[in-house]
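Working notes, beginning with the structure itself.
The values are calculated or read from the model by the stated rules, or taken from the named source; none is laboratory data. These numbers come from a predicted model, not from an experiment. Virtual Cβ from ideal backbone geometry, glycine too; neighbours counted across all protein chains shown. With ligands, DNA and RNA removed, areas are computed over all heavy atoms of the protein, side chains included. Shrake-Rupley method; radii C 1.70, N 1.55, O 1.52, S 1.80 Å.
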Amino acid sequence: MDAATDGVWLNKAKQNDAVILCFGVNDIGRGRSAEQVIADLNTAVEKLTEAGCRVLLQTVPPFDYTPENREKWEAINNAIRQELAQKVDAVFDVVPTLGQSAEEPHRVKYGGHPNEEGSRAWADALFPVLQEFIN
């Protein structure tokens, strides 16, 4: 993954004062383990903060995951909420906004790629977090 190898994406991102970092469903579905994705997130966060960037980290959005990928999704999001939250300036948990319900947070409420309504809900939930983050 480019972000963890200090490739083109990360070099561009390091030029900013603030960065929103959100790994997605594809990062889970490409056969990588939760540990690998978490390690990549840690590396990207460390390199961004070393470069002086403020980092807002988002949880991985819900999706209608296979049972195996759901386990990865849960492990990655738990690491973001518990471990990585200590290393970044802010965390935005998108799951309550896009998840089907508290009982089935991994199931999508607005489609696998959020439809217009879901995108609006995501933006509306993220906006106050961004306002606080940039101030």
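Please give the helix 116-134 orientation as an angle from the longest Cα principal axis of the chain, in degrees from 0 to 90, rounded to the nearest 10.
With rounding to tens, the tilt is 30 degrees.
Each residue of segment 64-80 in turn: what ³J(HN,Hα) in whole Hz from Karplus with 6.51, -1.76, 1.60 and θ = phi - 60°, glycine and Pro shown as x?
7, 6, 5, x, 5, 6, 5, 4, 4, 4, 5, 5, 5, 5, 5, 5, 4
Just want to confirm a number: the relative contact order over segment 1-85, from Cα pairs under 8 angstrom separated by 6+ residues, in percent. List each step's numbers first, then the result.
Details: 88 pairs, mean separation 30.9, N = 85.
Relative contact order for segment 1-85 comes out at 36 percent.
Working out 0.36 nm times the residue gap between residue 124 and residue 12, then minus their Cα-Cα distance, what length gain in nm do you get to one decimal?
37.6 nm
Whose amide H sits under 5 Å from the amide H of residue 54, counting only residues 5 or more places off or on another chain, with H placed in the peptide plane?
18, 19
What full-extension length gain, to one decimal in nm, is calculated for residue 64 and residue 115 as 0.36 nm per residue of separation minus the Cα-Cα distance?
Values: separation 51, 0.36 × 51 = 18.36 nm, distance 1.47 nm.
Between residue 64 and residue 115, full extension yields an extra 16.9 nm.
What accessible area, in Å² to the nearest ten, does a 1.4 Å probe give for residue 94?
0 Å²
Say the dipole of the chain comes from +1 at the beta carbon of Lys and Arg and -1 at that of Asp and Glu; which of 49, 106, 92 then lies farthest toward its positive end?
The one lying farthest along the dipole's positive direction is 49.
Might you work out the accessible area of residue 23 for me, using a 1.4 Å probe with all protein chains in place, and round it to the nearest 10 Å²?
Its accessible surface works out to 10 Å², give or take rounding.
Give me the extension gain from residue 5 to residue 50: residue separation times 0.36 nm, minus the current Cα-Cα distance, reported in nm with one decimal.
Full extension from residue 5 to residue 50 adds 14.8 nm.
Report, in deg cm²/dmol and to the nearest 500, the calculated mean residue ellipticity at 222 nm for the chain, where each DSSP H run with n ≥ 4 adds -39500 (n - 2.57) and the sum is divided by the residue count.
The helix contribution divided over the chain gives -15000 deg cm²/dmol.
Could you work out Rg/(2.2 N^0.38 Å) for the chain, with Rg from alpha carbons only?
1.03
Just to confirm my numbers, what's the Cα centroid distance between segment 73-135 and segment 20-63 in Å?
Each part's Cα centre sits 13 Å from the other's.
So what are the ³J(HN,Hα) numbers for segment 92-102, from phi and the Karplus equation (6.51, -1.76, 1.60; θ = phi - 60°), rounded to whole Hz, Gly and Pro as x?
Whole-Hz 3J(HN,Hα) from phi for segment 92-102: 10, 8, 7, 4, x, 7, 9, x, 4, 6, 5.
Assuming R0 = 25 Å, can you tell me the calculated FRET efficiency for the pair residue 100 and residue 134, based on Cβ-Cβ distance, to the nearest 0.05?
0.20
Only four residue types carry charge here, +1 at the Cβ of Lys and Arg and -1 at the Cβ of Asp and Glu. Report the dipole size of the chain about the Cα centre in Debye, rounded to the nearest 20. Intermediate results must be reported in sequence, preceding the final value.
Details: 13 positive and 21 negative charges, 40 e Å.
For the chain, the charge dipole is close to 180 debye.
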